[in-house]
Amino acid sequence: MGDNETTMNDETQHFTDPQTSATPAIALKVGRNLFRERFFFFVVLALLAFLSLLLIWPNLTAILAALAIVVLIKPLYNWFLKKNWIKESANRATVATIVTFLLLIAIPVILFVGIAYNQANALFTNPETGEQITVESIVAGTELECILLVI
């Protein structure tokens, strides 16, 4: 048994991969080519990631807002889906979720933003003349007394 083990160990030590040549120089060349291929792959991957980021960057706010809305609305959708009157219909659960979202979140936020815009607009209106107060007129000092009157 001892002789068989040593011959098996000797055979495994001299085993060469049939896909690579037995000479170390060719094996080293294959290793270099593999390194170049991987390097090229990761350079192209980094370039594509950068270009994708440039493409997405102008819409990143909308994408993140949509993601936040999905995180908030998904439990409501799951709750509607479990209700008996929906009867596990994905279409009905979707419509109920959208209507609920519009009534409870979207319409009040739109109204709030509109009211805040109107109040900010009224704040920068000259009470004497009814004209808009601009940053240039504030810097020039012509509208300073109007701002003090409002305060």
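Output the number of the condition that L76 fails; it satisfies all remaining conditions of (1) modelled with pLDDT of 95 or more; (2) within 30 Å of F101 (Cα to Cα).
Here L76 meets the rest and fails (1).
Residues in the range 56-82 that are more than 26 Å from the chain's Cα centre (by Cα) and exposed (fewer than 13 other Cβ atoms within 10 Å of the Cβ): how many?
The total comes to 1.
Does any residue of the range 52-70 turn out to be in contact (Cβ under 8 Å) with a residue 12 or more places away in the chain, among the aliphatic types (A, V, I, L, M) and out of contact with any Leu (no Cβ under 7 Å at 6 or more places or on another chain)?
yes
Yes or no: the range 106-125 includes at least one residue that is of a type outside the set (A, V, I, L, M, F, W, C), out of contact with any Asp or Glu (no Cβ under 6 Å at 6 or more places or on another chain) and touching a residue at least 12 places away in the same chain (Cβ under 8 Å).
No: the range 106-125 contains no residue that is of a type outside the set (A, V, I, L, M, F, W, C), out of contact with any Asp or Glu (no Cβ under 6 Å at 6 or more places or on another chain) and touching a residue at least 12 places away in the same chain (Cβ under 8 Å).
Could you please let me know if N121 is in a helix (DSSP H, G or I), closer than 30 Å to V70 by Cβ and not hydrophobic (A, V, I, L, M, F, W, C)?
no
The values are calculated or read from the model by the stated rules, or taken from the named source; none is laboratory data. Bear in mind that the values here come from a model prediction, so they are computed numbers and not experimental data. Glycine also receives a Cβ, built like all others from the backbone with ideal geometry; neighbour counts cover every protein chain displayed.
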